[in-house]
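Following: one structure in C-alpha cells, then a few remarks.
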Amino acid sequence: MLDFTYSIPTKIHFGKDALDFVGEEVKKYSSKVLLTYGGGSIKKNGVYDKVVKELKESGVEIFELSGIEPNPRIDSVRKGVKIIKENNIGAILAVGGGSTIDASKFMAAGALADFDPWEFISKGKPMSPAIPLLSVLTMAATGSEMDNGGVITNPETKEKLSSGHPDTKPKVSFLNPEITYTVSKYQTACGSSDILSHIFENYFNQYGSMYMLDRMMESLMKTVIKYGPIAMKDPNNYEARANLMWASSWAINGFISSSSKSQWTVHPIEHELSAFYDITHGLGLAILTPRWMEYVLNETTAHKFYDLGVNVFDIDKDLDQIEVAKKTIEKVKEFFFDTLGLDSNLKEIGIDDKYFDQMSKKACGKKEKIDGFIELSPADVRKIYEMCLED
C-alpha cells in the first residue's frame, strides 16, 4: 500500500519573472519550436508578445498552431503533428491552460509516431517516445503543467479519454500568477472546482493512505477554499492567484497520489458529460461531486467524510460520524454552488437523461466498472447522473 516510486522532473520557473527564462530553456531542446495556444487571449494580455520576444532573442524559429479548443479535439492534435513533421520541429511550447497543454502532449508523442494519434487512445499505443514539451501556464486548474497525463476528445465517436507517459511530462513549465489576473470569475470558479476534485480523487481512497499525505491534501483543499473566492472578488490579488496556481500543480503532480491505489471516479463520469455536451470540465465536476459523495456515503465510508469535515470545514468533531459526514457534503455543495456560484444541476445547463445509458457504460470502460472509493457499475453511474438533475 505504501510502496511507490516518485519522480517529478519538471523544472519550474515560478513568479513574476518566470517568462524571462522561456527563450533560454526552449533553446536547450531545439532551435525550432511549435507554439500552441487557444483562442487568442494571450495576444490581448501581452503573454504572446513576451513569449515571442524571448524566443526570437534566443534565436529560436517559431511555428504556430492556434485555436485549440477548451475540450481539445483530436483534429487539433493532428494539425500540430502535421506542422511538426513537415518542418522538422524539435520541441513544443504550449501557452495556455490544461486543454492546450493536454493537446500538446499528444502532439509531442504523435510527432515521433508513424500512425494516427487517436491510436494512442483507440488502440492503447504508448505515448513514447515524444519530443520535448514545455509550457507557459495561463490558468490554474488541471495541473497539466507538471504531470504526464492528457485528455483528448473525439467528437465523431463522442469519446473523451485520457492517456499519458513520462515522456510527455513537460520538461520545463513557466508559472507567473500575474498571467491569471485576466481569468474570468467563472473560469476561476471552474478551475477551483477542478483542483479540489483532483485532491478528492486521491483523498477518498479505499485502500487506506498515509497520514502525512492526507494532512497535505487537507491543506491543499483549505488553500483552494480560502483563495478561490478571493481571486474571484479581487482578480489582481497576487497572493490568491499564486496560491491557486501552485496548489493546482501539487494536486496532480504525483505527490499526493503516491500511496493511493484507487481508480479515479468522478473524472471519468464527468468526461462523458464533456464528450456528449462539451461543457466546462470544472462545472461538470462541481455538479457531480456532491451527488457522488451522497451516493457512496455509508457506515463503512463515513470516516473519510468525517476527517474532511473536521479538518477542512471545522465541523464539531464530537458529533456523530454520519452526522458530520452529511454536514460535510452540505459544505461541499455550499462552496461549489453558493460561494463559487456554479450551476447546481444538469437541468440548469440544458442536459436531460437522453444519453445517460450510453454515458454510464462508457464511464465504466471495458471492465464495466469503476473500481474507486467504492465500486460502481453502469447502473450506479446512471443513478448519480439522475441525482444531478435535481437541486
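So, restricting to helices (runs of 4 or more DSSP H) that lie completely within segment 320-391, which ones have at least 1 residues that are open to solvent by 60 Å² or more (accessible area, probe 1.4 Å) and in contact with a Phe, Trp or Tyr (Cβ under 7 Å, 6 or more places away or on another chain)?
321-333, 378-387
Provide a single number: the residues in segment 28-49 that are buried (at least 18 other Cβ atoms within 10 Å of the Cβ) and either assigned to a loop (DSSP other than H, G, I, E, B) or free of Cβ contacts under 8 Å to residues at least 60 places away in the same chain (or both).
Number satisfying all stated conditions: 5.
Within segment 147-162, which residues are open to solvent by less than 30 Å² (accessible area, probe 1.4 Å) and small (Gly, Ala, Ser)?
Gly149, Gly150
Sort through Gly341, Gly372 and tell me the only one that's under 24 Å from the mean Cα position of the chain (by Cα) and either hydrophobic (A, V, I, L, M, F, W, C) or at pLDDT below 95 (or both). Explain how you work it out, then say what you get.
Details: Gly341 fails: either hydrophobic (A, V, I, L, M, F, W, C) or at pLDDT below 95 (or both).
Only one candidate qualifies: Gly372.
Kindly indicate whether Trp246 is within 18 Å of the chain's Cα centre (by Cα) and under 14 Å from Leu196 (Cβ atoms).
No, not satisfied.
Touching a Lys or Arg at 6+ places or on another chain (Cβ under 8 Å), surrounded by 19 or more Cβ atoms within 10 Å (Cβ to Cβ), over 27 Å from Lys233 (Cβ atoms) and not small (Gly, Ala, Ser) - does that describe any residue in segment 277-294?
Our first condition is that a residue be touching a Lys or Arg at 6+ places or on another chain (Cβ under 8 Å); within segment 277-294, this holds for 290.
Among the residues that remain, those that are also surrounded by 19 or more Cβ atoms within 10 Å (Cβ to Cβ) are: 290.
Restricting the remaining residues to those that are over 27 Å from Lys233 (Cβ atoms) gives none.
Scanning segment 277-294 turns up no residue that is touching a Lys or Arg at 6+ places or on another chain (Cβ under 8 Å), surrounded by 19 or more Cβ atoms within 10 Å (Cβ to Cβ), over 27 Å from Lys233 (Cβ atoms) and not small (Gly, Ala, Ser).
Within segment 57-90, how many residues are part of a helix (DSSP H, G or I) and at pLDDT below 95? Steps first, please.
To start, the set of residues in segment 57-90 that are part of a helix (DSSP H, G or I) comprises 57, 74-87.
Going one step further and asking which of them are at pLDDT below 95, we end up with none.
Count: 0.
Quick one: which residue in Ser144, Ser197, Ser173, Ser135 is assigned by the TED database to the domain that holds Pro235 and open to solvent by less than 30 Å² (accessible area, probe 1.4 Å)?
Ser197
What pairs come out if I take residues in segment 278-303 that are over 13 Å from Asp194 (Cβ atoms) and without any contact (Cβ under 8 Å) to a residue 40 or more places away in the chain and pair them with residues that are surrounded by fewer than 16 Cβ atoms within 10 Å (Cβ to Cβ) and of a type in the set (Val, Ile, Thr) whose C-beta lies under 7 Å away, six or more apart or interchain?
Short answer, once both residue conditions are applied: Ala302/Ile322.
In segment 197-224, what residues are closer than 17 Å to Gly143 by Cα, of a type in the set (A, V, I, L, M) and out of contact with any Leu (no Cβ under 7 Å at 6 or more places or on another chain)?
Met216, Met217, Leu220 - these are the residues of segment 197-224 that are closer than 17 Å to Gly143 by Cα, of a type in the set (A, V, I, L, M) and out of contact with any Leu (no Cβ under 7 Å at 6 or more places or on another chain).
The values are calculated or read from the model by the stated rules, or taken from the named source; none is laboratory data. Model, not experiment: these values are computed from the prediction. Note: ideal-geometry Cβ built from the backbone for every residue, glycine included; neighbour counts use all protein chains shown. Accessible surface areas use protein heavy atoms only, side chains included; no ligands, DNA or RNA. Shrake-Rupley method; radii C 1.70, N 1.55, O 1.52, S 1.80 Å.
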